[in-house]
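Each remark here refers to the structure printed beneath this line.
All of the numbers you see were taken from the coordinates with simple rules; none came from a lab. For clarity, every value in this text was computed on a predicted model and none was experimentally measured. Glycine also receives a Cβ, built like all others from the backbone with ideal geometry; neighbour counts cover every protein chain displayed.
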Amino acid sequence: MGRLMRRLVGRLDSSGYTGDMKQLTKFVVRILLIIFLLGQGFAALADGDQDEARRLLKSGDILSLELILEKLRTIHPGKILEVELETESGNIVYEIETLGDDGIVRELIIDARTGDLLENKQDH
């Protein structure tokens, strides 16, 4: 990372900019580089999470999201807004945010191993 930054800044030094404009340009390049590098890290983290979910599903440690949602729709009809696979107190759970047919937004915590509804919170 250091070598790439020195090359970018070195190009800026030889570009003919002076004073404040040169400093601003260096600052913008650094910010863009940081954003790019952080984005790469988050993408790798997301890929790791997806791989872990596949491993858990394949090993039988969790039920498929399809099965969970099928079961959920019978007790809470509506639209699915967001789904996350999390670990809470050592248990793997699906956190599912729904917009019910009654217009209420709920966060449902479902045991990923059994499909049991553990929590039902209404968002206000």
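Any chance you could count how many residues in the range 72-112 are in contact (Cβ under 8 Å) with a residue 24 or more places away in the chain, in a strand (DSSP E or B) and surrounded by fewer than 11 Cβ atoms within 10 Å (Cβ to Cβ)?
0
Go through (1) part of a loop (DSSP other than H, G, I, E, B); (2) more than 20 Å from Lys121 (Cβ to Cβ); (3) charged (D, E, K, R) and name the single condition Arg54 misses.
(1)
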